[in-house]
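Student: I am attaching a structure below and will ask some questions about it afterwards.
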Amino acid sequence: TYPNALGVDVARMGHNESVIAHRHGDRTRILDSVKGLDANELEARIRTAAKDVGARDVFIDAIGVGGPVADHLKHDRGYRTHAVTVSNKARNSTKFLNLRAELMWNVRDRIERNALDLDPNDRKLGAQLCEPKWFYTRKEQIQIEAKEDLLKRGVQSPDRADAVMLANA
């Protein structure tokens, strides 16, 4: 069976968007993106999206405001909710600094192998996937540029890219 999952990057206020991405097999698309939703409104959108596409899994960025959203949804039936903390240790901690670097690298690798079908008309997603810089730590682990460092360069949070990353976790 093909993976059928949602990835959700949670934002609350400001310039950032809450984004719901859907992965079915090799195809990933942004289903919803919106600014300024409260947790209850976002949870309702996630539940509707999961039901509409028949998602079996929902991967939610559990750092900050995403934590309570993941906590509330884990009690729902019909799909499994996974609270993802991307600052945690990578599965391959020899190669990657943290889980965020590992998951984004996997997306990068799938794009390079033409094994990830993304919407070619979603220019915002394309830009967000290309913007973060990669480098090696002193231990020669792959690290992706921190969101704080992106902001210092005048680049907004890669909300769409993060939702795609989570949908493909």
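Student: Return the loop-located trypsin sites (Lys or Arg not before Pro) in the stretch 1-38 (DSSP other than H, G, I, E, B) with at most 13 other Cβ atoms within 10 Å of their own Cβ; answer none if there are none.
Tutor: K35
Student: What does the net charge come to around A11 if you take all other residues with beta carbon closer than 9 Å to its beta carbon, with K and R at +1 and D and E at -1?
Tutor: Neighbourhood net charge equals -1.
Student: Rounded to the nearest 0.05, what FRET efficiency is calculated for D52 and T94 with R0 set to 45 Å and r the Cβ-Cβ distance?
Tutor: For D52 and T94, the calculated efficiency is 0.65.
Student: In the stretch 138-169, which GluC sites (Glu not before Pro) fall in coil by DSSP and have 13 or fewer other Cβ atoms within 10 Å? Each step should come with its number before you reach the end.
Tutor: Values: sites: E140, E145, E148; in loops: E140, E145.
Counting only loop positions with at most 13 other Cβ atoms within 10 Å, the GluC sites (Glu not before Pro) in the stretch 138-169 are E140.
Student: Could I ask something else about it? List the aspartates and glutamates whose Cα sits under 19 Å from the Cα of K152, skipping any in the same chain fewer than 8 residues away.
Tutor: E17, E131, D162
Student: While we're on this one: Roll a 1.4 angstrom probe over the protein heavy atoms and tell me the percent of accessible area of the chain that is carbon or sulfur.
Tutor: Answer for the chain: carbon and sulfur cover 47 percent of the accessible area.
Student: Could you state the number of Å between the C-alpha centres of the stretch 133-169 and the stretch 1-23?
Tutor: 16 Å
Student: Using the Karplus curve 6.51 cos²θ - 1.76 cosθ + 1.60 with θ = phi - 60°, work out ³J(HN,Hα) for each residue of the stretch 80-96 in order, rounded to whole Hz, and write x for Gly and Pro.
Tutor: Whole-Hz 3J(HN,Hα) from phi for the stretch 80-96: 9, 9, 10, 7, 9, 10, 6, 7, 5, 4, 5, 4, 9, 6, 6, 8, 10.
Student: Around H82, which amide H atoms from residues at least 5 apart in sequence, or from another chain, sit under 5 Å from its own amide H, with H modelled in the peptide plane?
Tutor: Correct list: V58, F59, I60.
Student: While we're here: If a/c stays under 1.5 just call it rounded; otherwise compare a/b with b/c (prolate if a/b is bigger, oblate if not). Do that for the stretch 1-70, with a ≥ b ≥ c from the square roots of the Cα gyration tensor eigenvalues. Intermediate values should be presented prior to the final figure.
Tutor: Numbers: a/c = 1.96, a/b = 1.84, b/c = 1.07.
Since a/c reaches 1.5 and a/b is larger than b/c, the shape of the stretch 1-70 is classed as prolate.
Student: Moving on to the next point. Normalized C-alpha radius of gyration of the stretch 110-169, against 2.2 N^0.38 Å?
Tutor: Dividing the Cα Rg of the stretch 110-169 by 2.2 N^0.38 Å gives 1.22.
Student: Return P(r) of the stretch 74-152 (all Cα-Cα pairs; 10 Å bins starting at 0; whole %; ordered from short to long distances).
Tutor: Cα pair-distance distribution for the stretch 74-152, in percent: 16, 39, 34, 11, 1.
Student: May I pose another question? Per residue, how much accessible surface does the stretch 67-127 expose to a 1.4 Å probe? Answer in Å², no decimals.
Tutor: 63 Å²
Student: Could you tally the net charge around R23, taking each other residue with its Cβ under 11 Å from the Cβ of R23, Lys/Arg +1 and Asp/Glu -1?
Tutor: Charge balance near R23 sits at +1.
Student: Once the chain is represented by equal point scatterers at the alpha-carbon sites, with solvent omitted, what log10 I(q)/I(0) does the Debye formula produce at q = 0.15, 0.18, 0.20 Å⁻¹?
Tutor: Scattering profile of the chain, log10 relative to I(0): -0.80, -1.17, -1.43.
Student: Still on this structure, please answer the following. What percent antiparallel are the DSSP beta bridges of the chain, to the nearest 5?
Tutor: Details: 16 of 28 bridges.
Just about 55 percent of them are antiparallel.
Student: What full-extension length gain, to one decimal in nm, is calculated for A146 and N106 as 0.36 nm per residue of separation minus the Cα-Cα distance?
Tutor: Separation in residues times 0.36 nm, less the Cα-Cα distance, equals 12.7 nm.
The values are calculated or read from the model by the stated rules, or taken from the named source; none is laboratory data. Computed from a predicted structure; not experimentally measured. Note that we place each Cβ from the backbone using ideal geometry, even for glycine, and neighbour counts take in every protein chain shown. Areas reflect the complete protein model, heavy atoms only, side chains present, ligands, DNA and RNA absent. Shrake-Rupley method; radii C 1.70, N 1.55, O 1.52, S 1.80 Å.
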